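Structure first, then comments.
Derivation of every value follows stated rules applied to the coordinates shown; laboratory data play no part. Please read these numbers as outputs of a predicted model, since none were measured by experiment. Note: ideal-geometry Cβ built from the backbone for every residue, glycine included; neighbour counts use all protein chains shown.
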Amino acid sequence: MTPDVSSSIGGEVEAVPAVEVSELRKDFWRRNKDRNRLGRRGRRRVAAIRGVSFSMARGETIAILGQNGSGKSTLVRLLSTLLLHDGGEARIFGHDVFGQPRPVRRMVNRVSVEASFFKKMSAAENLAYAARFYGMTPGATRRAIPEILQRVGFPSERRHEAMENLSRGMQQKVALARALLTSPVLLLLDEPTTGLDPRSKLEVQEFIRDLQGSHDSTILLCTHDLAEAEALADRVGILDRGRLLALEPAEDLKRRYDAETLEQAFFAATGRAFEEEGDEEDDEREVFA
Amino acid sequence: MRAAAHALRHELIGLAGVVERNVYLTRRYIWWDAAWFIWTVANTLTITFIAKGIEASGGIIDVNRATTSLLVGAVIWAYLGVVFEFLTETVAWERWEGTIEYTFMAPLSRAMHLGGSGVFAVLYGLIRAILLFFVVAAFFDLSMPSADFFAALVVLIVASISFFGIGMRMAVLPLISPEKGAQLGYVAQGIMLVCSGVYYPVDVLPGWMQAIATISPATYALDGIRGAILDGEGLGTVWPDVWPLLIIGAICIPLGLWVFHRGEQYAKRHGKLKRSG
């Protein structure tokens with residue numbers, strides 16, 4: 001069982017936390033490698049998230065660090081109502097994520113590592129499609145799209161080009177625009193800069209920084225990038241094999257593990273280097289949703 | 001009351017969004033669709049020429065009536081194919097593009113989400129079916145002096161409610177089996193039509209298949225449309241085919257939504273929404 005590592009910003013506790021996760025569990029079924037005497041491969045439960053607890057205050061940014069298969073994406077998917085849990089509880093602004101998904105969906109949006117779009121459709125068409133699901137009329141969308149694209153640094157005049165003709169960095173900017181178009185109060189960023197070239201990466205990070213200053217959003221950022229976590233987040237969490245080992249401001253984390261860098265703190269917390277290849281369990285965990 | 005009206009407006013905007021997206025995608029793939037339409041015409045001709053073939057080989061047959069009857073069957077087959085394809089693609093296409101998670105985490109009811117696909121599928125399917133009917137009819141110089149096309153259209157639209165409900169059950173299959181689920185839609189389409197007298201009277205089928213025919217909406221659709229086109233039956237006369245369609249539709253829609261909901265819950269429990277999951 002992971003201890004509750006929730007805390008508040010500057011000692012000021014919001015009446016309703018933006019995110020409240022308590023003892024959250026998610027298991028997946030996996031086939032055994034070996035066959036039994038009848039020649040059949042049995043199945044077993046593998047825990048993707050093991051009793052994770054934390055809370056976030058409104059307007060706070062937290063970064064979750066973890067290797068592939070640590071459960072970062074599973075956590076994001078659980079909070080996005082895309083997965084059903086196997087135990088524990090998650091609340092977003094007081095709404096039960098699993099019992100009241102509709103109000104939660106109105107408040108949450110997400111940017112994932114893959115900028116997923118209808119590739120033959122243009123950026124504007126993809127954004128319009130996403131906006132309709134949040135009740136935005138064609139008129140409102142037409143006005144909002146150029147503004148939001150400009151804000152994320154996407155050249156507005158290219159909005160009618162098919163997504164398949166845009167670079168990966170440009171696509172990721174459209175993904176950010178898609179998430180912001182619906183004015184989410186909780187933004188879930190699942191490795192938004194992974195695979196981007198250095199310039200695009202910096203632009204996206206700069207945009208997240210702007211967002212923190214100007215938009216009433218709470219941000220949960222899952223990342224591989226230690227520097228990104230340290231630069232953008234109020235608190236940094238270490239998720240290892242489904243367990244949240246710590247969630248503290250980066251400096252406190254380093255102090256706690258007597259480390260000079262976050263990488264050293266990660267090593268001290270997990271017993272493994274951040275970039276280290278995992279063992280068989282980690283290989284298996286990499287396929288988790 | 002005001003909140004309910006606001007919620008309904010939100011839902012209808014979402015439904016229109018799905019229709020709009022399908023319009024965009026259809027525009028992008030219009031030449032592929034045109035090629036597919038040529039294939040459908042060719043396929044329909046292989047069936048409708050059978051009547052002439054029977055006469056040519058010495059059979060005594062009313063070629064005009066038999067050709068029209070076969071044409072109705074082939075057009076309904078093609079129409080059902082389009083409706084099921086669009087509904088199955090509601091999930092399959094989004095999984096392929098990777099957008100499904102964004103769609104499923106949006107605050108739109110599944111009824112409206114699927115409804116948008118259904119509305120577009122029916123509109124697109126109707127345009128295609130009407131075009132197919134008249135293009136193939138032109139090959140045979142068919143005479144349909146007493147045809148009531150309006151009544152035939154009404155029967156097809158009413159039948160579409162049931163087809164939509166069954167299509168929703170098909171749409172869930174790619175959620176359960178990302179690789180092969182979509183193909184099972186063709187199985188359902190084939191079974192339904194073979195039991196519904198697509199190219200022959202239902203009476204020629206074995207008893208157990210006739211039992212299936214009584215609960216298949218395609219049976220009443222084919223019967224009503226053939227009655228309207230071949231015998232000039234108006235809306236009043238085709239009513240015995242319309243009311244069963246309304247009842248089957250009233251059962252199929254909630255059943256389809258329930259099945260889809262169960263499939264969605266399964267996918268969310270087992271992490272199947274993810275493209276590679």
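Brief remarks on what is shown
- Fully extending the segment from B:Ser143 to B:Ser57 would add 28.7 nm, taking 0.36 nm per residue of separation and subtracting the current Cα-Cα distance.
- Calculated mean residue ellipticity, 222 nm, chain B: -27000 deg cm²/dmol, from DSSP H runs (n ≥ 4) at -39500 (n - 2.57) each, averaged per residue and rounded to 500.
- Measuring r between the beta carbons of B:Gln210 and B:Ala16 and using R0 = 41 Å, the FRET efficiency lands at 0.50.
- Helix-derived mean residue ellipticity, 222 nm - over chain A, DSSP H n ≥ 4, -39500 (n - 2.57), to 500: -10000 deg cm²/dmol
- Per-q log10 I(q)/I(0), the stretch B:231-277, q = 0.14, 0.16 Å⁻¹ (Debye; single scatterer per alpha-carbon; no solvent): -0.55, -0.60
- Averaged over the residues of peptide A:124-131, the number of Cβ atoms from other protein chains lying within 10 Å of each residue's Cβ is 5.
- Calculated over the stretch B:68-124: convex hull of Cα atoms, volume per residue (Å³): 70
- Under a Gaussian network description of chain A, with springs only between Cα atoms under 10 Å, the residue in A:Ser80, A:Ser22, A:Ser156 that fluctuates furthest is A:Ser156.
- Counting, for every residue in B:266-274, the Cβ atoms of other protein chains within 10 Å of its Cβ and taking the mean gives 6.
- log10 of Debye I(q)/I(0), alpha-carbon scatterers only, for the stretch A:105-162 at 0.18, 0.29, 0.30 Å⁻¹: -0.66, -1.39, -1.39
- In a DSSP loop and with at most 14 other Cβ atoms within 10 Å, the chymotrypsin sites (Phe, Trp or Tyr not before Pro) in the stretch B:1-54 are B:Tyr29.
- Extended-chain gain in nm, criterion 0.36 nm per residue less alpha-carbon gap, A:Gln100 and A:Arg31: 21.6 nm
- Cβ-Cβ distance of A:Ser22 and B:Glu179, R₀ of 56 Å, FRET efficiency by 1/(1 + (r/R0)^6): the value works out to about 0.90.
- Listed residue (A:Val19, A:Val104, B:Leu153) projecting farthest to the positive dipole end of the protein assembly as shown, Cβ model: B:Leu153
- The stretch A:1-144 shape via C-alpha gyration tensor axes, a/c threshold 1.5: oblate
- Counting only Cβ charges, +1 for Lys and Arg and -1 for Asp and Glu, the dipole size of the stretch B:2-270 around its Cα centre is about 820 debye.
- Integer Hz, Karplus 6.51/-1.76/1.60 couplings in order for the stretch A:17-31, x for Gly and Pro: x, 5, 9, 9, 10, 9, 6, 6, 10, 9, 10, 10, 8, 10, 6
- Note on B:Thr26/A:Ser156: beta-carbon distance plugged into 1/(1 + (r/R0)^6) with R0 of 25 Å gives a FRET efficiency of 0.45.
- Spread of Cα-to-Cα distances over 5 Å intervals beginning at zero, given as percent, for chain A: 1, 5, 12, 15, 17, 16, 13, 9, 6, 3, 1, 0, 0, 0
- Ascending count of other beta-carbon atoms within 10 Å, so fewest first, for A:Lys120, A:Lys201: A:Lys120, A:Lys201
- Using alpha-carbon coordinates, inclination of helix A:138-151 to the longest axis of chain A, degrees: 70
- Take A:94-105, B:203-214, A:212-223 and order them by the average number of nearby Cβ atoms within 10 Å per residue, most first; the result is A:212-223, A:94-105, B:203-214.
- Residues in the stretch A:86-129 reached by a label modelled at A:Ala15 [backbone nitrogen below 18 Å; 7 Å Cα→Cβ]: A:92-96
- A cut-off of 5 Å between modelled amide H atoms, ignoring neighbours fewer than 5 places along the same chain, links A:Ala115 with no other residue.
- Taking 28 Å as the straight-line reach from the Cα of A:Lys33, the lysines in range (excluding those fewer than 8 positions away in the same chain) are A:Lys72, B:Lys180, B:Lys268, B:Lys272, B:Lys274.
- Once you divide the Cα radius of gyration of the stretch A:82-218 by 2.2 N^0.38 Å, the number left is 1.07.
- Likely footprinting exposure, A:Thr74, A:Thr137, B:Thr40, fewest C-beta neighbours within 10 Å first: A:Thr137, B:Thr40, A:Thr74
- Partner shielding of B:169-178 amounts to 0, given as the average count of beta-carbon atoms from other chains within 10 Å of each residue beta-carbon.
- Where only C-alpha atoms are counted, convex hull volume of the stretch A:206-277 per residue in Å³: 92
- Alpha-carbon Rg/Rh ratio, for chain B, with Rh computed the Kirkwood way: 1.00
- Per residue, the convex hull spanned by the Cα atoms of the protein assembly as shown measures out at 189 cubic angstrom.
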